[in-house]
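Just so it is clear, none of the values below were taken in a lab; they were calculated from the coordinates. Bear in mind that the values here come from a model prediction, so they are computed numbers and not experimental data. When we count neighbours, we look across all protein chains shown, and the Cβ atoms used for this are built from the backbone with ideal geometry, even at glycine.
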Amino acid sequence: MKVYETIKNMIKLSADGEPKTPLHVGEVMALWTLLTLMEEAVVFYGVFLNTTTDTELIKQIETGKKDTSEVITKLKEFFIAEGVPLPPTSEEKPSSEQGDVPFGVRFTDNEIANFLSVKTATYITFCGTALAQSVRNDVAVMFLSYLTAVIQYSVNLKTLMIQRSWLKVPPYFQPPGLPKNT
């Protein structure tokens, strides 16, 4: 419950006329890096849609692409309003038929899911760190909303990965002297 109260207080502070200071270099760098990461992710989502036929994985990819594209639009609007130059990015890949992509080039469903999982974990860590370092409440709220959305996405992705046996689990740690379960 304290998390919700904190969020509410942050938003209230912003709404109550927090003085709008310029972005500090850390905020700009974090937002700029996030925008770059997300624009590059959209390119990969297109590649993945060109290579998988798994309907549930396609839904995850499409959801990720849609959600990421919405964040990109908001970030670009914010950057333009703040006078921050936009980063250069790659062009989206054209659509193709999954069967037309040669097997040696095509990502497997397992590789796609694990790439999405690693990318999601990176976003969670990155947004959490940037949130903690934000001075302006509007920037903090942006990172908090992105963090919340990514966590929600990761839960659905992890469930799919467990169902398909795609989740890579490190070896379990058994400290010396721990009784073995029989």
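Listed by chain and number, the lysines placed with their C-alpha closer than 28 angstrom to that of Lys168 are Lys59, Lys65, Lys66, Lys119, Lys158, Lys180; residues fewer than eight positions away on the same chain are left out. Under a model in which nothing but the beta-carbon of Lys, Arg (+1) and Asp, Glu (-1) is charged, the chain shows a dipole of about 680 debye around its Cα centre.
Against the chain, whose longest principal axis comes from its Cα atoms, helix 55-82 is set at around 20 degrees. Remark on the chain: ratio of C-alpha radius of gyration to 2.2 N^0.38 Å is 1.24. Give the angle, between 0 and 90 degrees and rounded to the nearest 10, that separates the Cα long axis of helix 137-163 from the longest principal axis of the Cα atoms of the chain. Between the helix axis and the principal axis of the chain, the angle is about 10 degrees.
Given the convex hull over the Cα atoms of segment 22-70, what projected area results after averaging over all orientations, in nm²? Spelled out: convex hull of the Cα atoms, projected over all directions, averaged, 3.6 nm².
Where does the charge balance sit around Glu111 when Lys and Arg score +1, Asp and Glu -1, over other residues with C-beta under 15 Å from its C-beta?
Spelling it out: positives minus negatives among the neighbours equals +2.
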